[in-house]
1. So SER7 passes all but one of these: (1) over 24 Å from LEU88 (Cα atoms); (2) at pLDDT 85 or above. Which condition number does it fail?
2. For the stretch 49-60, which residues satisfy the criterion of being closer than 20 Å to PRO10 by Cβ and assigned to a helix (DSSP H, G or I)?
3. Can you pull out the residues in the stretch 61-75 that are part of a helix (DSSP H, G or I) and either at pLDDT 90 or above or in contact with a His (Cβ under 7 Å, 6 or more places away or on another chain) (or both)?
4. Filter the stretch 12-47 down to residues that are exposed (fewer than 14 other Cβ atoms within 10 Å of the Cβ) and not in a helix (DSSP H, G or I), then give me how many there are.
Amino acid sequence: MNLLAQSGYPFALVVAALLLLALFWLLRTQRLREKYSVLWFAVIVGVVVLTFIPAITGWLTALAGVTTPINLVFILAFLVLLVVCIQLSIEISTLEESARTVAEEVALLRLELERRTGKPHGLPGQETDVRQPHTDDSPAS
């Protein structure tokens, strides 16, 4: 029997093919932007290369000084997920700053509109009547 029939390499190849199809579908339906897909394409290509040339895994294991190839795979998977987390954290920080800036600009525009018209302008769908709430001075019964 050859190495491909005895190991998990065929399974890895099937998983890589499914991930590639899923990635194309996410890109096609615009649920994933191109800039995020680059990392995932690199992961898929890496899995496919290691599937067809398993000697690379042994060579990388010896180069990294890791005892077994599966430990190297887990280390690489952890590093990929770490890079994804850092990338998403940077993106979230940028979006939070943009949202804060937009909220400040809207507040300034609303203030300017109130100054020009003399009327308060709330959020859409909000009541803009600023009369004092009715207080009942009669004793409770």
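The values are calculated or read from the model by the stated rules, or taken from the named source; none is laboratory data. Computed from a predicted structure; not experimentally measured. FYI the Cβ positions are ideal-geometry reconstructions off the backbone, even for glycines, and counts take in every protein chain you see.
1. Looking at each condition in turn, SER7 falls short on (2).
2. VAL49, LEU50, THR51, PHE52, ALA55, ILE56, THR57, GLY58
3. THR61, ALA62, LEU63, ALA64, ILE75
4. Of the residues in the stretch 12-47, 4 are exposed (fewer than 14 other Cβ atoms within 10 Å of the Cβ) and not in a helix (DSSP H, G or I).
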